[in-house]
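Asks: Dropping the structure in here first, questions after.
The values are calculated or read from the model by the stated rules, or taken from the named source; none is laboratory data. Model, not experiment: these values are computed from the prediction. Cβ coordinates were reconstructed from backbone atoms using ideal geometry, including for glycine residues, and neighbour counts include every protein chain displayed.
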Amino acid sequence: MELPVKKSSTGNIGVNRTERIIMEELDWIFRENIKEDYGIDAHIEVVENKKVTGNLLALQIKSGESYFSERAADDNIIYRGKVKHLNYWLNYSIPVILVLYNPDEENCYWEHITENKAEMISESSWKLEVPSDRTLDIHSKEELINIAENISEYERKFNWLLSHKKFMEELIEGNRIVLESTEWVNKSSGRGSFKIKILDSQTGNEEVALDWPTAYFGMQSYDKVFKKLFPWANISVDEEKYYDYELDQFKLDNGAYDSETGEYYFSHEHFREWRETLPPIRPYQSDGEVAHYRLVLTLNSLGKSFLKINDYLNE
């Protein structure tokens, strides 16, 4: 009987190993690209003193013993690739780091992809030497920071918008973007999690497009964090999700309980007036320890203008 064959998980193992190093050893943010992004597997964001900096690096992660079969005279690892991929990485909006994962050693080796370091072999191929003593670990921190910071504030903001262009385009196509977030309220680190979902307007299916299981924002309020992370969006609560939660809370706080019927009686007009006094960005549920949000992102004037400028620059 013919049965499906399990695909190799080496690639996923390399991504997972890289994620653990970035999050556990460097204590930075790792964001895997779940949707196809043509040669960029993840983005990492530098965190300093428990505060996110906005300084980003893109990662291309290659996994497997085959990537370690060719060595230079000084034992550096020789990576070979296609020119079309090199052109993409050199023209990418933020610095691109090549990460090679060796499953035998469980180590990751890395190099910054630059025009000076890439050696052209032919019109269609190139190679890069990855130092055999440059493992991805806590000792890489300062060097990676220096690479990430080598851009202006203008470039950083533009790059951030560019990294979110796919979400803006989904909205233009008529789909919905939902942000789900959890905030640990009493943590001075500002710890939380974020998940971006795309809701298909035709099928109603939800697809997770971005998942940040752990992030730290210090003492910043989360309404300010949301606005900083998504400057291209108008942010509002998901009415369908919030209405029932807030109705139940209003009944408990303001309703009259009838023990015979087990029902709460209240004024719907007062409920509407009460909701109008609530902050526009708020959790739908909070127990004093953890707050839960489900917010809807729509394209604002900045997002619309950015898409027009980007189209013009790419003409």
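Asks: Can you name the residue in segment 285-315 that is over 23 Å from the mean Cα position of the chain (by Cα) and in contact (Cβ under 8 Å) with a residue 12 or more places away in the chain and is also surrounded by the fewest Cβ atoms within 10 Å (Cβ to Cβ) among such residues?
Replies: First pass over segment 285-315, keeping only residues over 23 Å from the mean Cα position of the chain (by Cα): 285-289, 308-309, 311-315.
Those still in the list that are in contact (Cβ under 8 Å) with a residue 12 or more places away in the chain too: 285-286, 288-289.
Values: Q285: 16, S286: 13, G288: 7, E289: 10.
For segment 285-315, the residue satisfying everything is G288.
Asks: Check whether at least one residue in segment 251-270 is in contact with a Lys or Arg (Cβ under 7 Å, 6 or more places away or on another chain), in contact (Cβ under 8 Å) with a residue 24 or more places away in the chain and either of a type in the set (A, V, I, L, M, F, W, C) or assigned by TED's automatic domain parsing to the domain that holds K197 (or both), and report yes or no.
Replies: Going through segment 251-270, the residues in contact with a Lys or Arg (Cβ under 7 Å, 6 or more places away or on another chain) turn out to be 264, 266.
After this cut, where a residue has to be in contact (Cβ under 8 Å) with a residue 24 or more places away in the chain as well, the list is none.
The answer is no; no qualifying residue exists.
Asks: Sort out which residues of segment 88-107 are over 14 Å from N76 (Cβ atoms) and within 21 Å of the chain's Cα centre (by Cα), and write them in order of number.
Replies: Y88, W89, N91, Y92, S93, I94, P95, V96, I97, V99
Asks: With the requirement that a residue be more than 30 Å from E155 (Cβ to Cβ) and of a type in the set (S, T, N, Q), what does segment 64-116 give you?
Replies: S66, S69, N76, N102, N107
Asks: State yes or no: is G288 among the small types (G, A, S) and over 27 Å from F194 (Cβ atoms)? Before the answer, list the steps.
Replies: Values: among the small types (G, A, S): yes; over 27 Å from F194 (Cβ atoms): no.
Judged against the criteria, G288 is not a match.
Asks: Does G204 fit the bill of being assigned by TED's automatic domain parsing to the domain that holds S236, at pLDDT below 90, exposed (fewer than 15 other Cβ atoms within 10 Å of the Cβ) and more than 24 Å from P283 (Cβ to Cβ)? Break it down stepwise before answering.
Replies: Details: assigned by TED's automatic domain parsing to the domain that holds S236: yes; at pLDDT below 90: yes; exposed (fewer than 15 other Cβ atoms within 10 Å of the Cβ): yes; more than 24 Å from P283 (Cβ to Cβ): yes.
So G204 fits the description; yes.
Asks: Of all strands (runs of 3 or more DSSP E) completely enclosed by segment 51-123, which ones contain at least 3 residues that are buried (at least 20 other Cβ atoms within 10 Å of the Cβ) and aromatic (F, W, Y)?
Replies: Numbers: elements: 51-63, 77-82, 96-102, 107-112.
Qualifying strands (runs of 3 or more DSSP E): none found.
Asks: Within segment 228-244, does at least one residue satisfy the condition of being part of a helix (DSSP H, G or I) and under 23 Å from L57 (Cα atoms)?
Replies: Step one: filter segment 228-244 for residues part of a helix (DSSP H, G or I), giving 228-229, 239-244.
Checking which are under 23 Å from L57 (Cα atoms) leaves us with 228-229.
Scanning segment 228-244 turns up at least one residue that is part of a helix (DSSP H, G or I) and under 23 Å from L57 (Cα atoms).
Asks: A further question on this structure: Got a sec? Which of V130, V178 is over 29 Å from I198 (Cα atoms), surrounded by 15 or more Cβ atoms within 10 Å (Cβ to Cβ) and touching a residue at least 12 places away in the same chain (Cβ under 8 Å)? Working first, answer last.
Replies: Values: V178 fails: over 29 Å from I198 (Cα atoms).
Result: V130 is the single residue among V130, V178 that is over 29 Å from I198 (Cα atoms), surrounded by 15 or more Cβ atoms within 10 Å (Cβ to Cβ) and touching a residue at least 12 places away in the same chain (Cβ under 8 Å).
Asks: Does segment 49-68 hold any residues that are touching a strand residue (DSSP E or B) at 6+ places or on another chain (Cβ under 9 Å) and over 15 Å from E111 (Cα atoms), and which are they? Break it down stepwise before answering.
Replies: So in segment 49-68, the residues touching a strand residue (DSSP E or B) at 6+ places or on another chain (Cβ under 9 Å) come out as 52-65, 67-68.
Correct list: V52, T53, G54, N55, L56, G64, E65.
Asks: Find the residue count for segment 257-315, including only residues that are of a type in the set (K, R) and within 22 Å of N175 (Cα to Cα). Lay out the reasoning, then the answer.
Replies: First pass over segment 257-315, keeping only residues of a type in the set (K, R): 272, 275, 282, 294, 304, 308.
Retained after the next criterion (residues that are within 22 Å of N175 (Cα to Cα)): 294, 304, 308.
Number of matching residues: 3.
Asks: Report the residue count in segment 45-67 for those that are in contact with a Ser or Thr (Cβ under 9 Å, 6 or more places away or on another chain) and either farther than 23 Å from L229 by Cα or in contact (Cβ under 8 Å) with a residue 40 or more places away in the chain (or both).
Replies: As a first pass, look at segment 45-67 and keep what is in contact with a Ser or Thr (Cβ under 9 Å, 6 or more places away or on another chain): 45-47, 50, 56, 58-59, 61, 63-65.
Still in the running and either farther than 23 Å from L229 by Cα or in contact (Cβ under 8 Å) with a residue 40 or more places away in the chain (or both): 46-47, 50, 56, 59, 61, 63-65.
Residues in segment 45-67 being in contact with a Ser or Thr (Cβ under 9 Å, 6 or more places away or on another chain) and either farther than 23 Å from L229 by Cα or in contact (Cβ under 8 Å) with a residue 40 or more places away in the chain (or both): 9 in total.
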